[in-house]
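Here is the structure we will look at.
Readers should treat all values here as calculations from the given coordinates under stated rules, not as data from a laboratory. Since this is a predicted model, take the numbers as computed values, not measurements. Here the Cβ positions follow ideal geometry from the backbone for every residue, glycine too, while neighbour counts run over all protein chains shown.
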Amino acid sequence: MLKACQGSIQKALLIHEKKDIYTQVEKIFNNVQEYKLIDVLNKLDILYKNKDDIQDILDYINILFFEKINENQKYIEYIKAVEAAKNSIKSSNNYDMTIDKLLLNIWEER
């Protein structure tokens, strides 16, 4: 989780306060290849519930994926999907639909 802080004490405190969220996200995305689509959507309800923190959570997900690129190049596609979701959310697109699309894109790439 330290890498997610990117040298920011404020970000480190935020992550520490919301450690349960980041731990759940990490557990799920580290094993995304093992889940059926419905499992991914159900387990990642946490993304829908934490709209205010989604940019930080998506940054954290990208860090998890970046660490796995040497294992499999598909993680590059995952990172691209996360970046597209971040941009879509910044553009005020439909939040739930953006998260749905992100999860579908990641699940399809596995």
Exercise for the section: Please list, ordered by first then second residue, the pairs with beta carbon atoms under 6 Å, 6 or more apart or interchain, first in segment 68-97 and touching a residue at least 24 places away in the same chain (Cβ under 8 Å) and of a type in the set (Gly, Ala, Ser), second in a helix (DSSP H, G or I) and surrounded by 15 or more Cβ atoms within 10 Å (Cβ to Cβ). Expected result: Ala81/Leu102; Ala81/Asn105; Ala81/Ile106; Ala85/Thr98; Ala85/Leu102
Practice task
Please indicate, with yes or no, whether at least one residue in segment 64-82 is out of contact with any Asp or Glu (no Cβ under 8 Å at 6 or more places or on another chain), under 24 Å from Lys11 (Cβ atoms), hydroxyl-bearing (Ser, Thr, Tyr) and surrounded by fewer than 14 Cβ atoms within 10 Å (Cβ to Cβ).
Solution key: no
Practice task
For Ile57, state whether it is touching a Cys at 6+ places or on another chain (Cβ under 9 Å) and surrounded by 19 or more Cβ atoms within 10 Å (Cβ to Cβ).
Solution key: no
Problem - Scan of segment 69-100 for residues that are over 19 Å from Asp45 (Cβ atoms), out of contact with any helix residue (DSSP H, G or I) (no Cβ under 8 Å at 6 or more places or on another chain) and not in a helix (DSSP H, G or I), ordered by number - result: Asn70, Glu71, Asn72, Gln73, Ser91, Ser92, Asn93
Exercise for the section: Please specify each residue of segment 35-54 satisfying the condition of being part of a helix (DSSP H, G or I) and within 12 Å of Ile106 (Cα to Cα). Expected result: Leu37, Val40, Leu41
Problem - Looking only at segment 55-68, and only at residues there that are of a type in the set (D, E, K, R) and in a helix (DSSP H, G or I), the one that is farthest from the chain's Cα centre (by Cα) - result: Asp56
Practice task
May I ask you to list the residues in segment 45-101 that are farther than 18 Å from Glu26 by Cα and of a type in the set (Ser, Thr, Tyr)?
Solution key: Ser88, Ser91, Ser92, Tyr95, Thr98
Practice task
Consider Lys49 carefully, then state whether it is surrounded by 16 or more Cβ atoms within 10 Å (Cβ to Cβ), more than 10 Å from the chain's Cα centre (by Cα) and basic (Lys, Arg).
Solution key: no
Problem - Residue pairs meeting the criteria (Cβ under 6 Å; at least 6 apart or on separate chains; first farther than 16 Å from Tyr60 by Cα, in segment 22-49; second not in a helix (DSSP H, G or I)) - result: Gln33/Arg110
